[in-house]
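**Q** My structure is below; once you've seen it, I'll send some questions.
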């Protein structure tokens, strides 16, 4: 019986080590996705941000880190127009409305957290398809910064200080890269 316990403990220890290595590997992949190279936005760039106010704690954190990263890239407050919408379903309409102002890029920010019904799938699909449709119709890059998570813990892991990186920073960096691609 002691031998069986040793085997179980050994497997458990290996599992714990595997989980630690997997977490470390995941973090290194996240860091690789967020290049440490300083990005510089094109002069005179105009940026639109559409922020869902549903799950406001998460979307406000995404907005805060996104704006901080844009500022690090040389974007001034007067170059950014922010449009708040009630939820993720309304984000594509917000993009369409901001698109009329001819920004160089639009960033979408929000958090969809799965519930007990299929509502999550309908909203996530409508939001992503709507964003893509608007982007292609207006010929404006739209960055998808809408979190789609199974629970609040996963969402918090993807904002500033979270163990899965900061998706607000990633959205800003993607926007800068797309503006530089267009320039």
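**Q** Using the 10 angstrom Cβ neighbour count as an exposure proxy, how do 64, 59 rank, fewest first? Walk me through the numbers before you get to the answer.
**A** Details: 64 15, 59 25.
If I rank by nearby Cβ atoms, fewest first, I get 64, 59.
**Q** I want to check the label-to-label distance for residue 76 and residue 60. Put each point 7 Å from Cα in the C-beta direction and report it in nm to one decimal.
**A** Distance between label points: 2.8 nm.
**Q** Compute from the Cα atoms of region 114-183 the Rg and the Dmax, the latter being the longest Cα-Cα distance, and quote both in angstrom.
**A** Cα-based Rg and Dmax for region 114-183 come out at 14.2, 45 Å.
**Q** A further question on this structure: Report the percentage of all Cα-Cα pairs in region 38-110 whose separation exceeds 17 Å, rounded to a whole percent.
**A** Working: 1068 of 2628 pairs.
The share of Cα pairs beyond 17 Å in region 38-110 comes to 41 percent.
**Q** Test of understanding: ordering 69, 57 by Cβ neighbours within 10 Å, fewest first, what list do you get?
**A** Values: 69 21, 57 11.
The order, fewest Cβ neighbours first, is 57, 69.
**Q** What span do the alpha-carbon atoms of region 37-182 cover on each of the three principal axes, reported in whole Å from largest to smallest?
**A** Taking the Cα atoms of region 37-182, the three principal extents are 46, 34, 22 Å.
None of the figures in this text is laboratory data; all of them are computed from the coordinates on show. Every value quoted in this text rests on a predicted model; they were computed, and no experiment measured them. Neighbour counts run over all protein chains shown; Cβ positions are idealised from the backbone, glycine included.
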